[in-house]
Amino acid sequence: MSVDSQRSSIGSSPHTRSTSGDRSLGEAGGSALELLGLIPDLASILNILTAAVGLGLVIFVHELGHFAVAKWCGVFVERFSIGFGPVLLCRKWGDTEYALSAIPFGGYVKMMGQDDIDPGQMADDQVAANPLSYTSKTVPQRMAIISAGVIMNLITGWMFFSIAYGLGVEEVDAQVGNAIIGMPAWEHGIRSGDTLLYINGRKVREFTDIPRGVALSSGALEIEYMRPGDQEHHKVTIHPDETGDRRMLGISETVAPRVLPIDQFCTPGSPADKAGFQKGDEIIALNGKPVASWTEIEPMLHTHRAETLDVTVKRHQPQGASETLQLKIEPAPVKGIGLRLDLGKITAIRKDSPAAKANIRVGDRLAKIGGIELGRDLDPLSLPDYFFEHQGQPIEVLVQRDVPGGEPETLSLTVTADQSLPGSEPTTNPSAPLSVPGLGLAFQFLPTVLSVDEGSAAAQAGIKPGMALQAIHFSRKSGAGADFLGETAKESVEVDAKAGGWPHALFLLSVLDNRDVSVTVKDAQSNTARDVPLVLTAVPGQFRPTLRGLFLNRLTHIRKAESLGEACSIGFRKTLDSITEVYLTIRTLVTGRMSIKNLHGPLGIAKFAYIMAEQGPALFLLFLGAISMNLAVINFMPVPVLDGGHMVFLIYEGVTGKQPTERVIATATYIGLAMVLTLMITVICLDLFVH
């Protein structure tokens with residue numbers, strides 16, 4: 001799932017309403033419209049057809065390679081089929097049947113003397129005596145027939161890539177939008193605005209190269225990156241996080257100063273919604289200061305969070321003209337529920353940060369800041385703002401540190417907040433701690449209510465100190481449109497407070513304006529849990545350092561070849577990269593560094609094909625190129641039934657001068673068939689029940 005600045009994709013749902021004054025006519029019209037609503041629109045039908053034809057073409061060219069070389073070598077081809085199983089359509093031209101079969105997950109060329117269903121034919125001397133049979137041909141000829149399908153996929157995949165880059169491919173810039181708090185990239189100082197250049201010496205051309213390169217790697221990674229306004233290249237060695245189903249650095253892509261070009265480009269009712277923005281607006285200045293990137297916008301949002309922002313936008317017209325407009329966007333107050341949780345321990349510290357230099361350690365617990373007791377006198381949630389406002393000033397910090405076998409000791413340390421770091425970092429990860437960017441540390445909360453503000457929503461709901469907060473629920477209001485999580489997101493989102501989800505819940509409170517909020521609390525005395533609905537209220541004097549409900553588009557660029565030769569060259573490099581990535585994917589799956597849950601079956605591939613068809617011809621051709629490479633590499637794996645398995649038999653025959661025995665061929669074929677069927681069932685189950 002990609003996100004736009006930690007946000008899922010957003011769409012709009014059209015609503016049809018009858019305005020007829022005649023009730024019976026209105027009901028009939030409504031029924032007709034409901035029926036029409038079940039019929040896919042023309043664009044959807046074309047995308048479905050495009051996806052089907054594209055996937056069919058990849059399979060067709062693979063089988064065409066086998067077929068053409070077999071015919072050239074004088075082998076009798078009984079059937080050329082797209083799909084497996086029962087034959088739906090069949091027509092005979094010459095000596096060969098051309099069929100379309102029921103299961104569209106592949107295809108086959110049935111040749112005399114080569115049948116995976118009856119592997120004994122390959123060791124049958126009587127069949128081999130027929131000059132039209134596959135087994136009567138020389139080893140080089142049979143190798144050519146077997147490898148022709150893979151070679152065709154490699155050629156057509158290269159052609160797909162070349163044509164795509166000839167048309168121009170939109171790629172996401174390899175710039176960091178957010179380093180997830182507590183993850184390896186965050187701990188090693190990578191932050192918003194940094195551009196990753198190389199991973200283990202391999203050039204990063206677009207953002208998708210990063211998660212793919214990390215997931216398919218092993219061991220520590222040497223990352224080379226560049227910081228905004230600094231031409232110097234920085235290097236850092238990072239061990240990726242391996243607690244999930246794949247290795248991760250913990251970064252997300254950045255955004256451009258460009259409003260999303262879709263109808264739901266802001267949260268309904270938000271300050272951005274009231275300011276008069278339109279989809280596709282380009283932000284060119286804030287408070288009169290020109291801005292050209294998110295790294296220029298982000299600090300201004302924090303510095304001026306309590307002020308009305310003057311936003312200069314360039315609005316592009318359909319005819320190609322544009323106009324410059326001045327908009328005003330009001331501050332967005334922080335909404336809260338009026339309770340504080342008990343402070344937990346520090347869970348992460350950035351290397352070479354002010355906290356690290358002051359000898360603050362993971363496992364310490366912050367007790368006092370500048371002589372003020374944390375928790376009761378100073379809300380821990382205000383620490384990011386506190387140190388942002390005291391940048392460059394030495395502050396005394398009291399920390400409690402556990403001593404093995406003894407009582408915790410209290411240490412007085414002096415720390416000076418870094419002036420180059422942002423004032424706050426979004427806790428987009430459900431289990432992420434709260435970050436204090438100026439210090440370079442992050443801490444968690446305990447799920448125990450420490451205090452409740454008098455007259456707050458929590459107090460009115462009967463929540464009291466000492467209760468345990470178990471979960472926070474965000475339910476979509478009836479008739480509400482898309483929000484930060486996207487229109488297709490779950491109707492109800494639950495955050496597990498017991499697992500350290502309080503910072504993430506507070507982040508969601510700031511961006512989910514169109515959801516009802518409730519909490520599950522447990523009374524320590526009665527030991528009973530109950531759900532409590534809450535009405536959010538504005539926290540006096542606190543405002544969000546965000547775009548106030550406005551959603552920005554991803555930072556992208558168009559990579560387009562300037563000539564046919566350049567397109568072919570880029571296509572060739574993409575072909576080599578794709579082959580390498582498929583092999584690395586197989587390696588990481590076998591070694592257990594990637595979960596099998598990351599695999600997709602035919603249903604998932606069909607879904608992706610439809611999505612790519614929607615995006616336009618260039619991205620769809622890139623997708624077909626990737627599928628071609630996958631088909632080529634997987635088919636050439638040394639597994640009986642697959643082309644690679646047949647090649648192993650042929651290599652054995654070429655070296656020893658004799659074919660494997662019928663028993664060996666049959667046993668290996670049935671084992672290979674079982675492996676392929678098991679894999680097929682597994683990925684279909686993943687498509688149905690996981691993805």
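Would you check which residues across region 619-635 are within 17 Å of Ala144 (Cβ to Cβ) and either surrounded by fewer than 21 Cβ atoms within 10 Å (Cβ to Cβ) or among the polar types (S, T, N, Q) (or both) and list them?
To start, the set of residues in region 619-635 that are within 17 Å of Ala144 (Cβ to Cβ) comprises 632, 635.
Asn635 - this is the single residue of region 619-635 that is within 17 Å of Ala144 (Cβ to Cβ) and either surrounded by fewer than 21 Cβ atoms within 10 Å (Cβ to Cβ) or among the polar types (S, T, N, Q) (or both).
Which of (1) assigned to a helix (DSSP H, G or I); (2) at pLDDT below 95 is the odd one out, the single condition Ser162 does not satisfy?
Tallying (1) assigned to a helix (DSSP H, G or I); (2) at pLDDT below 95, Ser162 fails exactly one: (2).
Filter region 637-657 for residues that are within 34 Å of the chain's Cα centre (by Cα) and surrounded by fewer than 19 Cβ atoms within 10 Å (Cβ to Cβ); which is nearest to Tyr165 (Cα to Cα)?
Within region 637-657, the match that is nearest to Tyr165 (Cα to Cα) is Met637.
Output the residues belonging to region 194-251 that are β-branched (Val, Ile, Thr) and part of a strand (DSSP E or B). Can you show your working first?
Kept after step one, since they are β-branched (Val, Ile, Thr), are these residues of region 194-251: 195, 199, 204, 208, 210, 214, 223, 236-238, 243, 251.
Hits for region 194-251 are Thr195, Ile199, Ile223, Val236, Thr237, Ile238, Ile251.
Restricting to region 386-417, name every residue that is in contact with a Gly (Cβ under 7 Å, 6 or more places away or on another chain) and crowded, with 19+ Cβ neighbours inside 10 Å.
Within region 386-417, Phe387, Phe388, Ile395, Ala417 qualify.
Are any residues in region 588-607 among the charged types (D, E, K, R) and over 19 Å from Asp241 (Cβ atoms), and if so, which ones? I'd like the intermediate steps shown before the answer.
So the first thing to find is which residues in region 588-607 are among the charged types (D, E, K, R), and the list is 593, 597, 607.
Residue satisfying the conditions is Lys607 alone.
Looking at region 650-657, can you tell me whether even one residue there is out of contact with any helix residue (DSSP H, G or I) (no Cβ under 8 Å at 6 or more places or on another chain) and part of a loop (DSSP other than H, G, I, E, B)?
Taking every residue of region 650-657 in turn, at least one turns out to be out of contact with any helix residue (DSSP H, G or I) (no Cβ under 8 Å at 6 or more places or on another chain) and part of a loop (DSSP other than H, G, I, E, B).
Rundown of residues vs (1) touching a residue at least 60 places away in the same chain (Cβ under 8 Å); (2) more than 33 Å from the chain's Cα centre (by Cα), yes/no style:
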site	(1), (2)
Val291	no, no
His302	yes, no
Gln317	no, no
Glu323	no, yes
Ala355	yes, no
Leu383	no, no
Phe388	yes, no
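Among the residues of region 655-691, how many are more than 17 Å from Pro602 (Cβ to Cβ) and of a type in the set (Val, Ile, Thr)?
8
The rows are residues; the columns are (1) farther than 26 Å from Val517 by Cα; (2) in contact with a strand residue (DSSP E or B) (Cβ under 6 Å, 6 or more places away or on another chain).
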residue	(1), (2)
Ser382	no, no
Glu389	yes, no
Gly406	yes, no
Val415	yes, yes
Gly423	yes, no
Ser435	no, yes
Glu454	no, no
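Considering only residues of region 462-506 that are at pLDDT 75 or above and of a type in the set (S, T, N, Q), which is farthest from the chain's Cα centre (by Cα)?
Step by step, filter region 462-506, then rank; the result is Gln470.
Would you confirm whether or not region 350-358 contains a residue that is assigned to a loop (DSSP other than H, G, I, E, B), acidic (Asp, Glu) and crowded, with 16+ Cβ neighbours inside 10 Å? Can you show your working first?
Step one: filter region 350-358 for residues assigned to a loop (DSSP other than H, G, I, E, B), giving 350-353, 358.
Checking which are acidic (Asp, Glu) leaves us with 352.
When the remaining residues are screened for being crowded, with 16+ Cβ neighbours inside 10 Å, the result is none.
No, region 350-358 has no match at all.
Take the residues in region 434-455 that are under 27 Å from His304 (Cβ atoms) and part of a loop (DSSP other than H, G, I, E, B), then tell me which one is modelled with the lowest pLDDT.
The extreme case among them is Asp453.
What number of residues within region 293-325 are in a loop (DSSP other than H, G, I, E, B) and either farther than 21 Å from Asp273 by Cβ or of a type in the set (Asp, Glu) (or both)? Give the steps one after another, and end with the answer.
Step one: of region 293-325, the residues in a loop (DSSP other than H, G, I, E, B) are 293, 304-308, 317-321.
Going one step further and asking which of them are either farther than 21 Å from Asp273 by Cβ or of a type in the set (Asp, Glu) (or both), we end up with 293, 307, 317-321.
Number satisfying all stated conditions: 7.
Any idea which of Glu296, Glu307, Glu253 is acidic (Asp, Glu), over 29 Å from the mean Cα position of the chain (by Cα) and at negative phi? Even if it seems obvious, please write down each step before you answer.
Values: Glu296 fails: over 29 Å from the mean Cα position of the chain (by Cα); Glu253 fails: over 29 Å from the mean Cα position of the chain (by Cα).
Of Glu296, Glu307, Glu253, the one residue that is acidic (Asp, Glu), over 29 Å from the mean Cα position of the chain (by Cα) and at negative phi is Glu307.
A quick yes/no check of all residues on (1) surrounded by 18 or more Cβ atoms within 10 Å (Cβ to Cβ); (2) in contact with a helix residue (DSSP H, G or I) (Cβ under 8 Å, 6 or more places away or on another chain); (3) in contact (Cβ under 8 Å) with a residue 24 or more places away in the chain:
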site: Trp72; (1), (2), (3): no, no, no
site: Val75; (1), (2), (3): yes, yes, yes
site: Phe84; (1), (2), (3): no, no, yes
site: Cys90; (1), (2), (3): no, no, no
site: Trp93; (1), (2), (3): no, no, no
site: Leu100; (1), (2), (3): no, no, no
site: Pro104; (1), (2), (3): yes, yes, yes
site: Met111; (1), (2), (3): yes, yes, yes
site: Asp115; (1), (2), (3): no, yes, no
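Give me the pairs: first residue in region 256-279 and surrounded by fewer than 17 Cβ atoms within 10 Å (Cβ to Cβ), second residue of a type in the set (Ser, Thr, Tyr), beta-carbon distance under 6 Å, and six or more apart or on different chains, which are they?
Matching pairs, first to second residue: Asp263/Ser12.
Check region 252-270 and report whether any residue there is in a loop (DSSP other than H, G, I, E, B) and of a type in the set (A, V, I, L, M). First the steps, then the outcome.
Going residue by residue through region 252-270, those that are in a loop (DSSP other than H, G, I, E, B) are 254, 260-265, 267-270.
Now narrow it down to the ones that are of a type in the set (A, V, I, L, M): 260, 262.
Yes, the conditions are met somewhere in region 252-270.
I'd like to know if region 366-378 contains one or more residues that are closer than 30 Å to Pro299 by Cβ, in contact with a helix residue (DSSP H, G or I) (Cβ under 7 Å, 6 or more places away or on another chain), surrounded by 18 or more Cβ atoms within 10 Å (Cβ to Cβ) and in contact (Cβ under 8 Å) with a residue 60 or more places away in the chain.
Checked region 366-378: no residue is closer than 30 Å to Pro299 by Cβ, in contact with a helix residue (DSSP H, G or I) (Cβ under 7 Å, 6 or more places away or on another chain), surrounded by 18 or more Cβ atoms within 10 Å (Cβ to Cβ) and in contact (Cβ under 8 Å) with a residue 60 or more places away in the chain.
Can you work out which of the residues in region 326-343 that are among the charged types (D, E, K, R) and in a strand (DSSP E or B) is surrounded by the fewest Cβ atoms within 10 Å (Cβ to Cβ)? Don't jump to the end; show me each part of the working.
So in region 326-343, the residues among the charged types (D, E, K, R) come out as 328, 330, 335, 340, 342.
If we keep only those that are in a strand (DSSP E or B) as well, we get 328, 335, 340, 342.
Values: Lys328: 12, Lys335: 19, Arg340: 20, Asp342: 16.
Per the criteria, the residue is Lys328.
The values are calculated or read from the model by the stated rules, or taken from the named source; none is laboratory data. Every value quoted in this text rests on a predicted model; they were computed, and no experiment measured them. Glycine gets a Cβ as well: all are built from the backbone with ideal geometry, and neighbour counts include every protein chain shown.
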